[in-house]
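Enquirer: One structure coming up, written as structure tokens, with questions to follow.
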């Protein structure tokens, strides 16, 4: 199995399973996770689909080509029976005596091919022709010289079958995409797989508070909570709260970026405020249930970190105002005040 097919099947299958898991875990209308499943299916089947389409196009082009165009004794001839046989072995046993009785052929031997039993016919000292039978039961005569046509006539008389000359070898499998097209296809498959992960994050956390990468991390934390042994729901909530506190803390750095004007600074402040509220809600939910000493200590630590993170964002916004790099606005002041007022903080967290 080639690498591209492995990546496509593995990644596409993972995306489908991810969509199914998300539907169960997050609930709500299943249709919202349909894009994830659809992208996974496309990623898994795209290499096969392109290879199959390529073969179909070539086959159609050959079928409607000029009758004599493309037939060459030097490049090989293919004859396929117009009807099928019920017993391949019996058919071959009928053909063997007829070939042996023909002085044009030196030897005929029974061979086992990948698709089943067949015959190898030797003539001209070193030339070979083959009689094989497809899985549906069609007899196929192939060779690389004009003698193949005569062999097809011999087989036809012995078996009572009619043969048609064709350019399509029934035993030729799908040829994988190769070269630069293969690289390009690989990029598309990987993009589809990554897109499926982004899609499930967007559906699970539709708020514009988080960017695609942050949504994906949150989904990963949820998945770990469901799939990793020994991880409780409380541990999962604490892990999500810790990640959100980190996002709030990073907001202080984003506020200091020189290219941000008043509107952008205020927007970063609002984003930090919304994220901190989500973190606070998680910590509140955690404290409503039973906690182990380790979990309680972690919750207290996150409380303190959250208060500090909110304050750091407010301080960074105030610094931008004092430096004169942005125009002070009433909305900016309001956001700063809300960041500094954290009514949900516990006494231990605030202390």
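The values are calculated or read from the model by the stated rules, or taken from the named source; none is laboratory data. Keep in mind the model is a prediction, meaning the values are calculated, not measured. Using ideal geometry, Cβ is built from the backbone for each residue, glycine included, and neighbour counts are taken over all protein chains shown.
Enquirer: For residue 153, state whether it is free of Cβ contacts under 8 Å to residues at least 24 places away in the same chain, surrounded by fewer than 15 Cβ atoms within 10 Å (Cβ to Cβ), outside the structural domain of residue 56 (by TED's automatic domain parsing) and in a helix (DSSP H, G or I).
Expert: It is true that residue 153 is free of Cβ contacts under 8 Å to residues at least 24 places away in the same chain, surrounded by fewer than 15 Cβ atoms within 10 Å (Cβ to Cβ), outside the structural domain of residue 56 (by TED's automatic domain parsing) and in a helix (DSSP H, G or I).
Enquirer: Of all residues in region 73-82, which are surrounded by 12 or more Cβ atoms within 10 Å (Cβ to Cβ) and modelled with pLDDT of 85 or more?
Expert: Within region 73-82, 78, 79, 80, 81 qualify.
Conditions (1) under 17 Å from residue 216 (Cβ atoms); (2) under 15 Å from the mean Cα position of the chain (by Cα); (3) assigned by TED's automatic domain parsing to the domain that holds residue 182, marked per residue:
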site	(1), (2), (3)
9	no, yes, yes
12	no, yes, yes
17	yes, yes, yes
20	no, yes, yes
24	no, no, yes
30	no, no, yes
36	yes, yes, yes
44	no, yes, yes
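Enquirer: Test residue 267 against the stated conditions and say whether it is outside any loop (DSSP other than H, G, I, E, B) and farther than 24 Å from residue 204 by Cα.
Expert: no
Enquirer: May I pose another question? Exactly one of these conditions fails for residue 194: (1) assigned to a helix (DSSP H, G or I); (2) at pLDDT below 90. Give me its number.
Expert: In the conditions (1) assigned to a helix (DSSP H, G or I); (2) at pLDDT below 90, residue 194 misses (2) alone.
Enquirer: Still on this structure: What tally of residues in region 282-313 results from selecting those that are part of a loop (DSSP other than H, G, I, E, B) and touching a helix residue (DSSP H, G or I) at 6+ places or on another chain (Cβ under 9 Å)?
Expert: 4
Enquirer: On to the next question. Which residue, of 249, 261, is surrounded by fewer than 22 Cβ atoms within 10 Å (Cβ to Cβ), modelled with pLDDT under 95 and under 20 Å from residue 209 (Cβ atoms)?
Expert: 249
Enquirer: Would you be able to tell me the number of residues in region 226-241 that are surrounded by 14 or more Cβ atoms within 10 Å (Cβ to Cβ) and part of a helix (DSSP H, G or I)?
Expert: Qualifying residue count, region 226-241: 8.
The rows are residues; the columns are (1) surrounded by fewer than 13 Cβ atoms within 10 Å (Cβ to Cβ); (2) closer than 26 Å to residue 49 by Cα; (3) at pLDDT below 90.
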{"position": "89", "(1), (2), (3)": "yes, no, no"}
{"position": "92", "(1), (2), (3)": "no, no, no"}
{"position": "135", "(1), (2), (3)": "yes, yes, yes"}
{"position": "139", "(1), (2), (3)": "no, no, no"}
{"position": "149", "(1), (2), (3)": "no, no, yes"}
{"position": "162", "(1), (2), (3)": "yes, no, no"}
{"position": "176", "(1), (2), (3)": "no, yes, yes"}
{"position": "184", "(1), (2), (3)": "yes, yes, yes"}
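Enquirer: Report whether or not residue 223 is over 34 Å from the mean Cα position of the chain (by Cα) and not in a loop (DSSP other than H, G, I, E, B).
Expert: no
Enquirer: Moving to a separate point now. Considering (1) in a helix (DSSP H, G or I); (2) modelled with pLDDT under 80, say which one residue 70 fails and leave the rest.
Expert: Checking residue 70 against (1) in a helix (DSSP H, G or I); (2) modelled with pLDDT under 80, the one that fails is (1).
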